[in-house]
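A quick write-up on the structure given underneath.
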Amino acid sequence: MTVPESPTADDAALSARVAPEPGGLLALRLLLSVIYSDERNAYPITVVVDGAIVSGLVVHPAVWYRALIEQARGQDELRAADAIPGLFEGLAEHMAEAPPPDADDIETIFFGKAMVTSPRATGQMAYEEIACWQVKLSHVSAWTIGLPPSG
């Protein structure tokens, strides 16, 4: 008969790091930490947020801000159209240079090319494609990898 080894400090640290959290968001946080570790990373996920379904490609925050720059440049008729791309350029540069976040520090999901599905007052569903969308992680009540089937 073999005697199991005693738990080590490393085992205790690992257990504390992977302990379940309310809402089961630990795995999502870990997935996001991988995506946010490199600008070339992207992954499709679907989340439920405040009664809406948001699905799309999750991208690195710097990639997301660069997409906002392109959107802002398309708003030529607005007064602040020249200043806004510069603001997003600074944020994209900051996010590109920042070290990858720890899973515990991630608060936002950055979707590129998102589809937002939400109920209307009529009871029918509204479908909106949005180039850039972000979701506060604390608002996620359910999630899965991949996109819903198109139909």
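Here are some notes:
- The range 79-136, residues that are part of a loop (DSSP other than H, G, I, E, B) and either more than 27 Å from Gly24 (Cα to Cα) or not charged (D, E, K, R) (or both): Ala98, Pro99, Pro100, Pro101, Ile106, Arg120, Ala121, Thr122, Gly123, Gln124
- In the range 93-129, the qualifying residues are those that are farther than 14 Å from Tyr36 by Cα and in contact (Cβ under 8 Å) with a residue 40 or more places away in the chain, and the one that is surrounded by the most Cβ atoms within 10 Å (Cβ to Cβ) is Ala114.
- Test result for Val58, β-branched (Val, Ile, Thr) and out of contact with any helix residue (DSSP H, G or I) (no Cβ under 7 Å at 6 or more places or on another chain): no
Read-outs throughout are calculated quantities, based only on the coordinates presented, and are distinct from any laboratory measurement. Keep in mind that this is a model prediction, so the values were computed, not measured. Positions of Cβ are backbone-derived with ideal geometry, glycine not excepted, and every protein chain shown enters the neighbour counts.
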